[in-house]
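Accompanying notes for the structure given below.
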Amino acid sequence: MKIEIIYVIEDNKFGKAITEWAEDKRIQVVPTNQKKDDLSELVDGVVLFHENHNFSKDDNEMQEEMSSSNIAVHKVDINGTLAATNSNFNMWLDRNRPQSLLILGDDEVAKNGNLESFLKGIEN
């Protein structure tokens, strides 16, 4: 499994956190506008990070739109059990084999100490 490109929402603290992680993994990061209509043609999957099922309206609408376009979607509760959350995500990556991902999350998730631990467990 090899993620080649990650799309993040520009001017977003969560997107900046993902960008910093991806640089260490040598994954290309492309900042994008959340309202961009052609994202469904660019990404193979969407990952929505959240805390206890609290989604921003924009992120939830975006993942619903992508799901209706038959794009694989995975939700990551950053406050869940770390081992199980990482295992489920890595299995989702293996099963769907996305090369390009849209990764969504709000500023509160970026501040969550569990985010760094979760990202360390991603196999790429």
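The numbers here are math on the coordinates, done by the rules we state, and not lab data. In this text the structure is predicted, and so the values were computed from the model without any measurement. Counting neighbours? That spans all protein chains shown, and the Cβs are built from the backbone with ideal geometry, glycine included.
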Item to check | V47 long-range amide H proximity, modeled H, under 5 Å | outcome: H74, L102, I103, L104
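At a threshold of 8 angstrom on Cα-Cα distance, excluding pairs fewer than six apart, so keeping six or more, what relative contact order does the chain reach in percent?
On the way: 199 pairs, mean separation 48.4, N = 124.
Relative CO of the chain lands at 39 percent.
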Next on the checklist: Among H53, Q99, N33, which residue has its Cα furthest toward the positive end of the charge dipole of the stretch 1-106, with +1 on Lys/Arg Cβ and -1 on Asp/Glu Cβ?
Outcome noted: Q99
Item to check | the stretch 49-99 - percent relative contact order, Cα under 8 Å, separation 6 or more | outcome: 40 percent
Next on the checklist: Within 10 Å of each candidate Cβ there may be at most 13 other Cβ atoms; applying that plus a DSSP loop requirement, which GluC sites (Glu not before Pro) in the stretch 1-108 survive?
Outcome noted: E4, E10
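Work out the length of the dipole vector of the chain about its Cα centre, built from +1 on the beta-carbon of each Lys and Arg and -1 on the beta-carbon of each Asp and Glu, and round it to the nearest 20 debye. Working shown, then result.
On the way: 13 positive and 23 negative charges, 83 e Å.
Charge dipole of the chain: 400 debye, to the nearest 20.
Based on the mean of other beta carbon atoms within 10 Å per residue, what is the order of 74-80, 99-105, most packed first? Could you put the intermediate results ahead of the total?
Details: 74-80: 18.6, 99-105: 23.6.
Top of the packing list down: 99-105, 74-80.
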Checklist entry - Distance in nm between label sites at E64 and R95, each 7 Å beyond Cα in the beta-carbon direction? => result 2.3 nm
Item to check | In Hz, Karplus ³J(HN,Hα) per residue of the stretch 60-72 (6.51, -1.76, 1.60; θ = phi - 60°; x = Gly, Pro) | outcome: 5, 4, 5, 5, 5, 5, 5, 4, 5, 8, 6, 8, 5
